[in-house]
Amino acid sequence: MDKLNYFASFWLGKLNLKALPPNAIQMGGAIMIVSILIGLLLFITFTKRWKWLYKEWLTTQDPKKIGVMYILVALGMLLRGGADVALLRTQQSISVGHNMGILSASHFQQIVSAHGTIMIFFVAMGLMFGLINLIVPMQIGARDVAFPFLNATGFWLFFAGMILVNASLVLGDFAATGWLAYPPLSELKYSPTVGVDYWIWSLEIAGAGSLMAGINFIVTILKMRVKGMSFMKMPMFVWSVLGAMFLVAFAFPILTVTLSLLALDRDLGTHFFTAGGGGNMMMYVNLIWAWGHPEVYILVLPSFGIFSEIVATFSRKKLFGYSSMVWAIAAIVLLSFTVWLHHFFTMGAGSNVNGFFGIMTMIIAIPTGVKLFNWLFTMYRGKIKLDSTLLWFIGFVVIFTIGGMAGVLLAVPPIDYQLHNSLFLVAHFHMMIVGGVLFGDFAGISYWFPKIFGFKLNERLGRLVFWFWFVGFLVAFIPLYILGFMGATRRLDHYSAGLGWQALFVVAAFGVVLIGIGVGLQILQIVVSIKDRRKLRDVSGDPWNGRTLEWSTPSPVPFYSFARLPLVSERDAFWAAKRLKQKDTRPYEDISIPKNTPLSMVIAGGAFALGFGIVWHIWWMAILGLVIIIVTIIVRSMDEHTEYILPAAEVERLDRMYAAGGSN
Amino acid sequence: MSKVKKRWIVGLFILVVLVISSIYLSKVNIPVLEPKGPIADQEFRLLLEVTGLMLIVVLPVFILLGYIVYRYSDQNKKKRPYSPNWDHNLLVEGIWWFIPTALIVVLAIITWRATYALNPYKPIASNNAPIVIQVVSMDWKWLFIYPKYNIATVNKIVFPVNTPVHFYITSNAPMNSLWIPQLSGQIYAMAGMRTQLYIMANQIGNYRGSSANISGIGFAGMVFDAQATTNNIFNAWIRKVSSSPPLNKASYLQLSKPSLYVKPKYYSRPIPNLFNDLVLSYLMPKYEQRKIGIAWIN
């Protein structure tokens, strides 16, 4: 028997039958996720798409396809994070007084943590990197990114992290600590299960992927701009992405190190953040927010960039105050590293420390306010086309301004003492991240959809989607501000009767229902648009009368993006080209294009094995994963033939065909 | 349905919602907006002041947004000026760098002053000497020790009205945050550390206190009652609690076991120096704790 136990623990680590979900609701979640997975695999098998999937998607190095995959994963995770919310608000609507609701406290807290983790890392980050991959190379007139293999690896690591988070639904549990897993609660003493380990290792893996993507896009923007595109001629989206990617490069290493130290505490018994033994939990809290605050700007800056593009295009007018906008981005980038302490004014720091960080935080409102005024004046004296794409912008201004006001309140330390960790805070940051980030990403998707797929999204449904999201969002979060004033703290799985909270929680839950309908309509919108794709087809390649270079290509954009590299002499290069109506008579040239390779996927597979192995203490698997990663990197660096040549004659043939409205 | 009619219906609907919600909100208790002590009161006033100042910038944004979208929308059939290349004007850009900057300068001054004035460690000026209460957050309840009165309680404090209360706060467990919104803002309770908070009530009443920071499965039940009362009732309460069973090693160890939704408990004669020894015990390894005899404590 001892031998058998030893055998099992060698091969399976801590993994055993007890890791399966303990109750009906958790089992339901597990069954759902497993059946979705099986359903997907069966669908691919029955429609005989494995080869196509492998050749066209899984091994691709084309940033446009990687972008589409990022967005698909993110939308899938939006459904998962949304299902989490449905459970949370249901629990909070009924778990009052003697009624303990439908979820156990631990399960509730796991869902809270999973919701935050998934929405930030796998939805917001995924949508952002997806849109960056799709659009940034084209906007700077490049056919590709600087490091295509690194870029693909970044995506696959993101994917591996996503799988690891969702694996916790089936095997073991997830962190019940809140999405930033403050110690000492997240230390082994208070969280002895694998939940926190799942959290650590999925973020380690996805975070490494983000860092790779960040470095890749810094170099891409700095080095791969087409001739003539000086810095002050770059589209505003590119500027905002450059800012965000610098933040990624400086902030994500902090996350990686912090999580590693926490992992050392848990696995090797060190005392970096433990209560006792010389550990200091506030060190962790400082470090995690030194990453966490810039992270907010990493997400929101690209959205700002998207809005800059959309407002100019749909107002048919140049972006107002271009250089102001650039300086505002630069200011935000610098300031975002100087405000982290405002997340814990209540730790008992002195007045000068709290006062300093409070004021620094407020200062960020200045460049943000300037951007807002510049957008408004871009619309002023324009010809505004009120498409659903622009509606997202208008919704953003309303929500972001309200949320921003709440943010300035929270930046005043004495006010923060009263509102910290309350639902007021929750309402504030959802207004910033949903209103600011998600609305921007949705606007970007509906704006650039025809460029990628060759047809527009259904406009009527698009408007309906917006209104459900917008109204639903206000209904879901205005009550949370009031609940915060009423003393309701975040992450409560239960509260006593007679506080007057229940009615507001029910209203908030109704808001979630409205948003849910909005999401359902979004899916319907995509389905209907695919069905009507011939009617919605974009033959011009420039459906919105665009201003930037991506609109100079045919829709859907060919895999080489530009048959001839575009000419740039001023800002809004395509707008200028349309006005000049010059005919391009330059000869075609050979194009070198990176070959497909499965090695990015292999590295991510190794990373998954490494993470899963450490989570369950299956050491052979962890070591195997590490070896796979190292060997694959060595093999890849030996390969000197990573590109192939698309001859000029073929480029010419394809270009003529696309120009004549044909498709491949 | 005509567009105008539709607008009327939407407007009417919003009005009805507003009326119903304000009737509801006038009937419930909103602690942060109904302060019962000087600290919470100043924090509330500050909140109003800052909100008012921000409206100087926020209202124009909303008005401009509505005005510009309405006026320049291409659904608006009237002819409007259109200047597609107007993208820069030093004066107007200067104005909207200047206005938010000026506002933030004012807010910064207010913030700096208020942060000093409302420093939670700052004693409250009063003719009455403050009552010291040592607070320990445990899994999952609050232990309150009154060193001067030689009693201890769980999830319940009583103190005289118009008398400052001086909390010393630590944790025997994961981090928590002590918050009594009607009396003051919150402050963290951290193992191995000691934070402080001064509060005062200027009205008799029972105020809800809770933990604002997640600390495990019993976190939602870490609610306590803070009762501000007259001197006489307070003294009588002290006498009553003094006859409770003692908080000795055995009962302390019993208490420190994790427990959920704990009803108020009363102890007399708490172990001397319990609070300081607890803080200290988290700052040293076990063998050092043994040397000074506090290894039993956590």
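Using a Förster radius of 60 Å, what is the FRET efficiency between B:Trp86 and A:Asp2 based on their Cβ-Cβ separation? Nearest 0.05, please.
Efficiency at R0 = 60 Å is approximately 0.15.
Hey, rough spin-label estimate for A:Leu42 and B:Gln42, points 7 angstrom out along Cα→Cβ, what's it come to in nanometres?
Distance between label points: 6.7 nm.
In whole Hz, with x marking every Gly and Pro, tabulate ³J(HN,Hα) for the range A:78-86 from phi via Karplus 6.51 cos²θ - 1.76 cosθ + 1.60, θ = phi - 60°.
4, 5, 4, x, x, 4, 4, 4, 4
For an R0 of 22 angstrom, estimate the FRET efficiency from the Cβ-Cβ distance between B:Val132 and B:Trp296 and round to the nearest 0.05.
0.35
Per-residue Cβ counts within 10 Å, from other chains only, averaged over B:26-37: what number is that?
That works out to 4 on average.
Which net charge results when you count Lys and Arg as +1 and Asp and Glu as -1 among the other residues whose beta-carbon is under 15 Å from that of B:Asn172?
+2
Quick one: longest stretch of chain A between exposed loop GluC sites (Glu not before Pro), exposed meaning at most 15 other C-beta atoms within 10 Å and loop per DSSP?
Free of exposed loop sites, the longest segment is A:1-569.
Determine the dipole magnitude for the range A:140-241: charges of +1 sit on the beta-carbon of Lys and Arg, -1 on that of Asp and Glu, nothing else is charged, the reference point is the Cα centre, and the result goes in debye to the nearest 20.
With only Lys, Arg, Asp and Glu charged at Cβ, the dipole is about 740 debye.
Quick one: putting +1 on the C-beta of Lys and Arg, -1 on the C-beta of Asp and Glu, what dipole do you get for the range B:131-291 around its Cα centre, in Debye to the nearest 20?
420
Report for the range B:131-291 the percent antiparallel among DSSP-assigned beta bridges with both residues inside it, nearest 5.
Of all bridge pairs located within the range B:131-291, approximately 70 percent are antiparallel.
With 23 Å as the limit, write out which pairs from A:Lys456/B:Lys5; A:Lys535/B:Lys77; A:Lys317/A:Lys371; A:Lys51/A:Lys456; A:Lys64/A:Lys371; A:Lys55/A:Lys227 have Cα-Cα distances beyond it, or answer none.
Check vs 23 Å cut-off fails for A:Lys456/B:Lys5; A:Lys535/B:Lys77; A:Lys51/A:Lys456; A:Lys64/A:Lys371; A:Lys55/A:Lys227.
Which whole number gives the average, over all residues in A:355-366, of C-beta atoms from other chains lying within 10 Å of the residue C-beta?
5
Say each of B:Leu55 and A:Ile593 gets a label point 7 Å from the Cα, pointing the same way as Cα to Cβ; how far apart are those two points in nm?
Going by the 7 Å Cα→Cβ label model, 6.0 nm.
How large is ³J(HN,Hα) for each residue in the range B:133-141, as worked out from phi by the Karplus curve 6.51 cos²θ - 1.76 cosθ + 1.60 (θ = phi - 60°), to whole Hz, x for Gly and Pro?
For the range B:133-141, the Karplus curve yields 10, 8, 10, 10, 8, 10, 7, 10, 7 Hz.
What ranking, highest mean first, results for peptides B:82-89, A:148-155, A:40-47, A:316-323 when packing means the other Cβ atoms within 10 Å averaged over each residue?
Top of the packing list down: A:148-155, A:316-323, B:82-89, A:40-47.
Students often forget the sequence filter, so: which aspartates and glutamates lie under 17 Å Cα-Cα from A:Lys14 once same-chain residues fewer than 8 apart are removed?
Result set, ordered by chain and number: A:Asp2, A:Asp173, A:Asp197, A:Asp267.
Taking the Cα centre of chain A as the origin, how large is its charge dipole in debye, to the nearest 20, when only Lys and Arg (+1) and Asp and Glu (-1) carry charge on their Cβ atoms?
The calculated dipole for chain A is roughly 2120 debye.
Considering only DSSP states other than H, G, I, E and B, which trypsin sites (Lys or Arg not before Pro) in the range A:512-584 qualify as loop sites with at most 11 other Cβ atoms within 10 Å?
The qualifying sites are A:Arg534, A:Lys535, A:Lys581, A:Lys583.
Nearest 0.05, what FRET efficiency do B:Lys79 and A:Trp467 give at R0 = 35 Å with Cβ-Cβ as r?
Computed FRET efficiency for B:Lys79 and A:Trp467: 0.75.
Check which residues have an amide H placed less than 5 Å from A:Thr274's amide H, if you skip close sequence neighbours.
A:Gly279, A:Asn280
Can you list the residues of the range B:182-219 with backbone N under 17 Å from a point 7 Å past the Cα of B:Asn276, pointing along Cα to Cβ?
Backbone N within reach: B:192-196.
If you take each beta carbon of peptide A:92-98 and count the beta carbons of other chains within 10 angstrom, what is the mean?
0
Take a quick pass over the range B:131-291 and tell me how many lysine pairs come in under 19 angstrom between Cα atoms, counting only ones 8 or more apart or on separate chains.
19
At 222 nm, what value in deg cm²/dmol follows for chain A if DSSP H runs of at least 4 each add -39500 (n - 2.57) and the sum is divided by all its residues, to the nearest 500?
The helix contribution divided over chain A gives -22000 deg cm²/dmol.
Tell me, what ³J(HN,Hα) does each residue in the range B:43-56 have, in order and in whole Hz, if you take phi through Karplus 6.51 cos²θ - 1.76 cosθ + 1.60 with θ = phi - 60° and put x for Gly and Pro?
For the range B:43-56, the Karplus curve yields 5, 5, 4, 4, 4, 5, 4, 5, 4, x, 4, 5, 4, 4 Hz.
Every number in this text was worked out from the coordinates using simple rules, so none of it is lab data. For clarity, every value in this text was computed on a predicted model and none was experimentally measured. Note: ideal-geometry Cβ built from the backbone for every residue, glycine included; neighbour counts use all protein chains shown.
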